[in-house]
Structures are given as C-alpha cells and as structure tokens.
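A.B. asks: Below: one structure in structure tokens.
The values are calculated or read from the model by the stated rules, or taken from the named source; none is laboratory data. None of the values given here were measured: they were computed from a predicted structure. Counting neighbours? That spans all protein chains shown, and the Cβs are built from the backbone with ideal geometry, glycine included.
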Amino acid sequence: MHNKTLSELSAALKAGEFSSTELTQRYLSRIAEFDSQINAYITVSEKQALAAARAADVQIAAGTAGPLTGIPLAQKDIFCTQGVKTSCGSKMLDNFISPYNATVIEHFNQAGSVMLGKTNMDEFAMGSSNETSFYGAVKNPWNTDKVPGGSSGGSAAAVAARLAPASTGTDTGGSIRQPASLCGITGLKPTYGRVSRYGMIAFASSLDQAGPMTRTAEDAALMLNCMAGFDQRDSTSVEREVPDYTANLSDSLEGLTIGLPKEYFGEGLDASVGKAVEDAIAEYKKLGATVKEISLPNTHLAVPTYYVVAPAECSSNLSRFDGVRFGYRCDDPVDLEDLYKRSRGEGFGSEVKRRIMIGAYALSAGYYDAYYIKAQQMRQLISDDFKRAFEEVDVIMGPTAPETAFGIGDKSDDPITMYLSDIYTIAANLAGLPGMSVPAGFVNDMPVGLQIIGNYFDEARLLNVAHRYQQVTDWHQRAPAQFK
Ligand code: GLN
C-alpha cells in the first residue's frame, strides 16, 4: 500500500481495494514506527486525519470522489492550518494555532485529501540542511547520518521514507528542489504567482513559492492541479487559467531543445554528480531531444544577490513577531522595549537572527542604495540571462545541487559554505521561473537530482519532460532499504 504512487492509490481507493481509513491508518502506524529515526514530522494530526479519511470514504462510496479524495498528505509546517499547530520550525511559533487555513490547505481540504501532519523544516524556512529547526535536525532516509536538505527537509524525508505518499514544500531559494534532490524524490517549484501564498508564513515575499514534493512527475501534476490558481487574497497570485497538468505528460520529446548552461557544470560541481547529470542528458537525446550549450553569464551573482534580497525581505516580514500578537513572549517584561527585545532574542534562533541583522543593515537609510538597490539591479541581469536563453531553448538542465547529501553538522558552523548548496537553484527564484528536481542516479548510495528549469508558466512542459524520463528510468522508484 505504502509503495503506491498517488495515481495508483487513487485508483485502488476507487476500486475498493482498501479504504481511505485503512490507508491513513497504515501511514499513521508507519509514522509511529519509523519517524523517531527521521524526525520528519513536527505534528502528527491523527484525530483530524482519521476524521477526514472517514469523510473521504463516504465520498468514495457515493461515487463523488476526485483524484485526491482520501489520499493522505503531509503539509510543510509553514502553511497555516486551522486547529493544528503551525510552528514554521520555530520556538517563536511553538504555541501558535492558526485561526484559519492557508489557501493551499483549503484547496486540499476541498479535494477531500487527508492531512497526516505537519512536516519539519528549517526555522522560518532559512536553511539548506534542516538543522536550524527548533524541533531538531531531520535525518536523510538514505543515510541517517546525513542531512535531507532544506528547508523542506521534513517533507522530502517523509516521502522518501514512505511516511507520506506526497507532501508540500516551499521554495524561496531552492527549498523544494534541493531536498528533493538529496532525498531522491521529485519536487516542483512553480512560477512565482502560480500558487497562492495566502496563509503561508512569509520568508522573502518576492521569492517564496509553494509546490509539490512527490515520488513521480505524474503525482506532482496531480498535486499542482489542486494547488495552483488565482487567489484574490494574494495580490501576487496570477489570474491565469490552470491547465490540467496531467494532460500532456506523455507527449513526445522529439524536437525539444535543452539548454545546458556552461556555468552549471564548472568549478564546485562534484564530478560524480556531474557524470550522473550527463547520463540523464544522454537519455534525453535518446528520447529525441537536442542539446545546446548556453551561457547564463550572471550566474555568479545569484548567491550574493539572494543574500541581500532574501534577508531584507525577511527582516521586514519577521518584524511582526514581537511578543505582542503572535507566538513566544518572554517572562515578566519590565516595559515594552524589554518585551520586544527579549521575546525576539529568546524566540528566534541564530540563523534567523543573522538574516534579520543582515537585512536590516541592507535596508538602512545609509546602505539602501549600495545593497538593496544594487541587488535589485543584479536580479534584473539574472532574469535577462534566462530571457535570452529561452529564445533559443525550451528547457534548461543541470544539477540541482553541487553534491549529494552532506553529513549532519558538517556545514553548520560555516554559513557561507551552506549558502553555496543553493548555487544552482537560487537564480530561478530571483527570476520567478519554474524549476523541478528529478531523481537521476546515485553517488555512493546517495541520490542525485537533475534540475529542469522552464519558461514562465511552462509547468506542463516541465512535468512532461520529467515524466518521459521517468518512463525510461527507475531512479524515482528506488526506496531506502530500511523504509521499503
Ligand atoms: N537555503 C536557502 C536559504 O537558506 C533557501 C531556503 C528556501 O528556499 N526557503 O535561504
């Protein structure tokens, strides 16, 4: 049961092979048995899950079920969920129960899916290793001494360890694609504006985007069908029809032009990871695609630009956590200033504080032009690189991450090295483009991800390109031995 994809589960539920209640119970018992080894969940919402499963079983029996009715899912703990704690991986929100649901959660509820629980993540989604969570590090199911990637590490590990058939993540600089790559699953960051950010706790508002984390591209299409769409409560969501993302999955790739940016294959890329990516490209040639070397000359500006823009926006977004309205409040404040200082000082972890300080500095009157304005200009150059590239090619491919999962603790004392984990993913966020990571092999028994970047709103093509590859390879079907 727990090795089936979403589409297989959906068919089995409709055929009456098992009920949603039985399926949900299976996942809950797997979580109870295995999650102490992985730490993928912050909260398991057993009672609500079983109630939702019972409701789904009624719908299935009545013949009114949709593709996700009765399907258990794990939700990143960044999405507000009414009645179930939403911590965002932080001490600050350890006591926060949202009075409303994020739009993404509403969509899944309307589709009749079942929320198993909320997944672990880096504190306020800041990190690439899931070590900054207030709830402790998440372990990679392929090797529990290694990180699962971040910030959606709990969501990725839950899917890889078969503790959920699929999950959601959010991606500000790589947080869906990089953990998907490190855990050997499929992850999709949609175009900025495709999925509503309402009720998704904001990190860097101009970069944040939610998307599916699944075993297969077909499952990602099913999830995106449910997640995408205009939302009048999010002024940055785009009013544009949502196609059926499953419709063109099997289209031929004959005539597809793949761009390979030379900057993504240079110094810093682990040679074995590079080899796995080249093997994947060779598969694409067999499928009828042609390959063209391209250049994204401003790639080297992506990480420095991101580490001005993202902290600047986070320093503003996180100013709402002041001990007055939400979350943690210090004991016995002597006055208002003491309340602010100690609530924030005690409630935030060190990575979050580092970002707030960098951001406040970059936005300060004397430095705004030198840092923030400059970063916005660099952001434009990075977008222009992609614009030129997409005049010549249909999709861009390369590695998702420069190396496979690293050891827990290996980079935690060196933020700059940690920041380089997202060197290939960040540019797509700065430009607002959609990107995917697809399992493409193993190096020393750890998964490697192939990244596919598409033009604006070209998610259907990304999914088609990923699905065709998954029809001729089986990397996405492998499971870590002890979690099969
Ligand atoms: N790792 C990047 C960071 O630490 C990206 C995080 C994300 O995409 N949420 O900011």
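A.B. asks: When Asp57 is evaluated against the numbered criteria (1) farther than 18 Å from Ser151 by Cβ; (2) touching a strand residue (DSSP E or B) at 6+ places or on another chain (Cβ under 9 Å); (3) not in a loop (DSSP other than H, G, I, E, B), which criterion, by number, is the only one it fails?
C.D. replies: (2) is the only condition that Asp57 fails.
A.B. asks: Can I ask one more? Is it true that Leu256 is surrounded by fewer than 24 Cβ atoms within 10 Å (Cβ to Cβ) and either away from the ligand (no atom under 16 Å from the Cβ) or among the aromatic types (Phe, Trp, Tyr) (or both)?
C.D. replies: yes
A.B. asks: Among the acidic types (Asp, Glu), touching a Ser or Thr at 6+ places or on another chain (Cβ under 9 Å) and farther than 15 Å from Tyr192 by Cβ, is that true of Asp394?
C.D. replies: yes
A.B. asks: Hey, could you check region 326-379 for residues that are in a helix (DSSP H, G or I) and among the basic types (Lys, Arg) and say which is farthest from Ser205 (Cα to Cα)?
C.D. replies: Arg342
A.B. asks: Find all pairs meeting these conditions: Cβ atoms under 7 angstrom apart; at least six residues apart or on different chains; first residue within region 195-212 and without any contact (Cβ under 8 Å) to a residue 24 or more places away in the chain; second residue within 11 Å of the ligand (Cβ to nearest atom).
C.D. replies: Taking only residues 6 or more apart or on different chains, not a single pair turns up.
A.B. asks: Can you tell which of Asn130, Asn109 is touching a helix residue (DSSP H, G or I) at 6+ places or on another chain (Cβ under 9 Å), under 16 Å from Ser175 (Cα atoms), at pLDDT 95 or above and among the polar types (S, T, N, Q)?
C.D. replies: Among Asn130, Asn109, only Asn130 is touching a helix residue (DSSP H, G or I) at 6+ places or on another chain (Cβ under 9 Å), under 16 Å from Ser175 (Cα atoms), at pLDDT 95 or above and among the polar types (S, T, N, Q).
A.B. asks: State which residue pairs qualify: first residue within 16 Å of the ligand (Cβ to nearest atom) and among the β-branched types (Val, Ile, Thr) and inside region 141-161, second residue at pLDDT 95 or above and not in a loop (DSSP other than H, G, I, E, B) in any location, beta carbons under 9 Å apart, and separation of 6 or more residues or different chains.
C.D. replies: Val147/Asn140; Val147/Gly153; Val147/Pro179; Val147/Leu182; Val147/Gly407
A.B. asks: A follow-up question, please. In region 380-425, which residues are part of a helix (DSSP H, G or I), touching a residue at least 40 places away in the same chain (Cβ under 8 Å) and under 20 Å from Gly349 (Cα atoms)?
C.D. replies: Selection gives Pro415, Met418, Tyr419.
A.B. asks: Pick from region 320-366 the residues that are surrounded by 18 or more Cβ atoms within 10 Å (Cβ to Cβ), of a type in the set (A, V, I, L, M) and in contact with a Pro (Cβ under 8 Å, 6 or more places away or on another chain): which of them is nearest to Pro415 (Cα to Cα)?
C.D. replies: Ile358
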